[in-house]
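See structure below.
The values are calculated or read from the model by the stated rules, or taken from the named source; none is laboratory data. This is a predicted model, so every value here is computed, not measured. Reconstructed Cβ throughout: ideal geometry from the backbone, glycine too, with neighbour counts over all protein chains shown. Keep in mind that these areas ignore ligands, DNA and RNA; they rest on the heavy atoms of the full protein, side chains included. Shrake-Rupley method; radii C 1.70, N 1.55, O 1.52, S 1.80 Å.
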Amino acid sequence: SRGIKDLVVVSPDLGGTKRADKLAKSLGCDKAIVYKHRQAHNQATAEELIGDVNGKNCIIFDDIIDTAGTIAEASKLLKKKGAKDIYVCAAHGLFNGEAMKRLNEAPVKEVIVTNSVPKKPDSIDKIKQVDLSVQIAEAMRNISA
């Protein structure tokens with residue numbers, strides 16, 4: 001699985017299962033799903049895990065990180081279930097509200113997002129951005145061809 005041993009791709013909720021499944025297949029690894037209950041808007045609690053993460057390195061794979069509540073809760077559940085290192089990958093990092101504090105306190109080694117949203121001045125060290133400009137330029141070139 002490209003450098004990381006004992007890898008599991010984790011969907012932080014049921015809605016992201018297809019996305020996690022595609023990544024797990026491309027990496028040739030297992031997947032797991034966090035079942036969460038949303039008590040109110042921006043208040044999620046991770047309750048159950050479908051799959052095995054004991055002794056595994058996990059990639060939580062999501063589309064958007066808003067307040068990071070889901071990521072923080074999911075990462076705590078994964079640690080409780082025996083996960084080793086936890087990484088987070090998401091297309092868009094909004095990082096609103098208490099997001100930086102939650103991610104800083106969460107048992108997450110690294111958070112990787114694209115630069116679709118500008119980096120916030122209060123960004124923490126564990127957040128890394130991937131530049132999309134080459135992919136966007138290539139897509140535009142292909143459209144105009």
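Which ones in region 46-86 are under 14 Å from Ala32 (Cβ atoms), in a loop (DSSP other than H, G, I, E, B) and open to solvent by less than 60 Å² (accessible area, probe 1.4 Å)?
Gly51, Val53, Gly55, Lys56, Gly82, Ala83
Would you point out which residue out of Glu105, Glu98, Glu110 is touching a strand residue (DSSP E or B) at 6+ places or on another chain (Cβ under 7 Å) and farther than 16 Å from Asp30 by Cα? Spell out the reasoning first.
On the way: Glu105 fails: touching a strand residue (DSSP E or B) at 6+ places or on another chain (Cβ under 7 Å); Glu98 fails: touching a strand residue (DSSP E or B) at 6+ places or on another chain (Cβ under 7 Å).
Matching residue, one of Glu105, Glu98, Glu110: Glu110.
If you scan region 102-145, which residues turn out to be of a type in the set (D, E, K, R) and under 13 Å from Tyr87 (Cβ atoms)?
Start the filter on region 102-145 by keeping residues that are of a type in the set (D, E, K, R), which leaves 102, 105, 109-110, 119-120, 122, 125-126, 128, 131, 138, 141.
Of everything in region 102-145, those that are of a type in the set (D, E, K, R) and under 13 Å from Tyr87 (Cβ atoms) turn out to be Lys109, Glu110, Lys126, Lys128.
I'd like the full set of residues that are of a type outside the set (Gly, Ala, Ser) and either at pLDDT 95 or above or closer than 20 Å to Ile4 by Cα (or both), limited to region 61-70.
Taking region 61-70 first, the residues of a type outside the set (Gly, Ala, Ser) are 61-67, 70.
Once the filter is applied, which keeps residues that are of a type outside the set (Gly, Ala, Ser) and either at pLDDT 95 or above or closer than 20 Å to Ile4 by Cα (or both), region 61-70 yields Phe61, Asp62, Asp63, Ile64, Ile65, Asp66, Thr67.
Considering only region 30-60, state which residues are in contact with a Ser or Thr (Cβ under 6 Å, 6 or more places away or on another chain), modelled with pLDDT under 95 and hydrophobic (A, V, I, L, M, F, W, C).
Across region 30-60, the qualifying residue is only Ala44.
For region 97-145, which residues satisfy the criterion of being under 29 Å from Ile4 (Cα atoms), open to solvent by less than 50 Å² (accessible area, probe 1.4 Å) and either assigned to a helix (DSSP H, G or I) or without any contact (Cβ under 8 Å) to a residue 12 or more places away in the chain (or both)?
Across region 97-145, the qualifying residues are Ala99, Met100, Leu103.
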